[in-house]
Amino acid sequence: MLRLALICLTLLLAAAPARAEEAPLVEEITISGNQALRSGQILGVMETKAADWKFWRDQPRLNRPALSRDREAIVKLYQNIGYYQVKVETEVEEKEGRARVAIQIEEGQPVIIKRVHLEIGPGDEAWRQSLINVCQQAGLKEGRVFELETYRLSKAGLIRHLAEQGHPAAKLGARVEVSVKLGLAEVFFKMNP
């Protein structure tokens, strides 16, 4: 009987799948080279998290595909604030089941707004100036860093302004041409009130 139990136990152990080696615990994430964004903003867009003091929770493990997505998310975050030449490198140091993640950022130069073009239908200079003021109040000005959110706010502000001025069905065409090589952006708004 004992022999039969040992044979069954041996067969069960042999049939059980081998446990994959657990990924190392993410002990620390360091960020360097960032000036335009705070480290907390960058950590906020990342899937990879460092272990914390809450020992009763599952602690984060290193996931290399997630780290690759983190790199892409950081690049997109920088591009949204006008840094199209940003370079993001990640380095992982593993030791004794623990990992330290280092993120090195080279921001490059931001893209500057060269010109804001307003193509509008008939109207006087006061009408044109009121539309320029809407863009400027949102922060879309020549000589400033091109930020995607500022562009979106300007576009929404122009549509709202047109509606408030008696053109609720006005159509607004908008586009941006960015020259990463020159570090310049030109913004185009075409209004059909």
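Remarks
- Tally, over segment 134-148, of residues that are surrounded by 13 or more Cβ atoms within 10 Å (Cβ to Cβ) and in a loop (DSSP other than H, G, I, E, B): 8
- Single residue of Ile105, Ile81 found to be open to solvent by 30 Å² or more (accessible area, probe 1.4 Å) and either free of Cβ contacts under 8 Å to residues at least 12 places away in the same chain or not polar (S, T, N, Q) (or both): Ile81
- Considering the conditions (1) at pLDDT 90 or above; (2) assigned to a helix (DSSP H, G or I), Gln35 is excluded by exactly one of them, (2).
- Positions within segment 149-178 being open to solvent by 40 Å² or more (accessible area, probe 1.4 Å), within 24 Å of the chain's Cα centre (by Cα) and of a type outside the set (D, E, K, R), in sequence order: Leu153, Ala156, Val176, Val178
- Just one of (1) of a type in the set (A, V, I, L, M, F, W, C); (2) at pLDDT 90 or above; (3) surrounded by fewer than 16 Cβ atoms within 10 Å (Cβ to Cβ) fails for Trp127. It is (2).
- Residue in segment 70-91 that is out of contact with any Ser or Thr (no Cβ under 8 Å at 6 or more places or on another chain), closer than 25 Å to Tyr151 by Cβ and basic (Lys, Arg) present: yes
- In this structure, Asn63 does satisfy being within 23 Å of the chain's Cα centre (by Cα) and closer than 19 Å to Glu27 by Cβ.
- Test: residue in segment 45-61 that is open to solvent by 40 Å² or more (accessible area, probe 1.4 Å) and in a helix (DSSP H, G or I): no
- Residues of segment 96-133 that turn out to be of a type outside the set (S, T, N, Q), assigned to a loop (DSSP other than H, G, I, E, B) and touching a Gly at 6+ places or on another chain (Cβ under 8 Å), as a count: 3
- Filter result for Ala66 (modelled with pLDDT under 85 and either farther than 30 Å from Leu140 by Cβ or surrounded by 15 or more Cβ atoms within 10 Å (Cβ to Cβ) (or both)): no
- Subset tally (residues that are β-branched (Val, Ile, Thr) and either more than 14 Å from Arg115 (Cβ to Cβ) or assigned to a helix (DSSP H, G or I) (or both)) for segment 149-193: 3
The values are calculated or read from the model by the stated rules, or taken from the named source; none is laboratory data. Keep in mind it's a predicted model, so treat the numbers as computed, not measured. Note that we place each Cβ from the backbone using ideal geometry, even for glycine, and neighbour counts take in every protein chain shown. We work out accessible area using only protein heavy atoms, side chains counted, and drop any ligands, DNA or RNA first. Shrake-Rupley method; radii C 1.70, N 1.55, O 1.52, S 1.80 Å.
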